[in-house]
Amino acid sequence: MKFSFLHRALSILLVVVFLITGFILVANTQDLISNTETDPGKSLTFKFIVLFFSGFSLFILNLFRPCKEVVVEKLISHEPATKEKETKEGQEIEQEEKLELRSEEELEKEADELFPKIEIDNIDIYTDKLLTNISRKLELAQGLIFLRDEKDNIFKVSGKYAYFAEEPPKDFIEGETLSGQVAKNQQLVNIDDIPEGYVKAISGLGTSYPNHLLIVPAIYNDKTVGIIEIASFKFLDKNFENLMQLVANKLVEKITKVTGE
């Protein structure tokens, strides 16, 4: 606060000096110009005043420019949003630290409960129902399941939940796009702050954008044969990661047994 007051006072003082100097220069310019040829001393005075006036003008401009930038910076500052984000991240970290991991037996039981109790006559229908079951139990915003086509090794969409885009989900190959990288590395990716608009959820209440995304590789015989993408408004913890990895592997195991591939 003291610095701000002194800075303002100094600025006002310099402006006053600037105005006085300018007034003197303007008032005596004609006399100085007319006498520069007859009196070298006045010529030197005239040059000094012009240089001083020019330099002082630049100094005043530079003096006020930082103040303007500070004001603009404050106006466009995202400090409240940053604090809100930091608070949210802190809560999620604290929640993760307090998390009690479920046993393999508990995860196995929960995973089995998620699978549809129907025969796999149509893989697309089966994966659709699986995503629906996951959503009912775990409150998902959107879900996609991709399966590798063994003929061309392209991952193509099989199951969808709450997907309302005008264009269907794009196919991809291993190593291409974020999902393709997950397929290549065989490591799930959990993103807690996805860009707005990356995933869009539409309901009767309007359009909203989930901010949590989980991409899980479905691995069978050391090969990635499927990808599960899940978007949520809620933080997806380690238990959920482990559950979805188990579901992904069980899914491709079931499909492989039916198709014989």
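Just a few scattered comments:
- Calculated FRET efficiency for the pair ASN122/PHE164, C-beta based, R₀ 25 Å, to 0.05: 0.70
- Label separation (GLU108 vs GLN186): 2.2 nm, computed from points 7 Å beyond Cα along the C-beta direction.
- Rolling a 1.4 Å probe over the heavy atoms of the protein chains gives the stretch 108-163 an accessible area of 53 Å² per residue.
- In this label model, LYS98 and LYS257 are separated by 4.0 nm, measuring between points 7 Å along each Cα→Cβ vector.
- With the simple spin-label model, which puts each label point 7 Å out from Cα in the Cβ direction, the GLU176 to ASN239 separation comes to 3.9 nm.
- Residue (of ALA165, VAL182, LEU107) at the positive-pole extreme of the stretch 100-190, dipole from beta-carbon charges: ALA165
- Unsatisfied cross-links (Cα-Cα over 18 Å) in the set LYS109/LYS250; LYS117/LYS254; LYS137/LYS160; LYS117/LYS156; LYS98/LYS238: LYS117/LYS156
The values are calculated or read from the model by the stated rules, or taken from the named source; none is laboratory data. Note that this is a predicted model, so its numbers are computed, not measured. Cβ sites come from the backbone with ideal geometry, for glycine too, and all protein chains shown count toward neighbours. Keep in mind that these areas ignore ligands, DNA and RNA; they rest on the heavy atoms of the full protein, side chains included. Shrake-Rupley method; radii C 1.70, N 1.55, O 1.52, S 1.80 Å.
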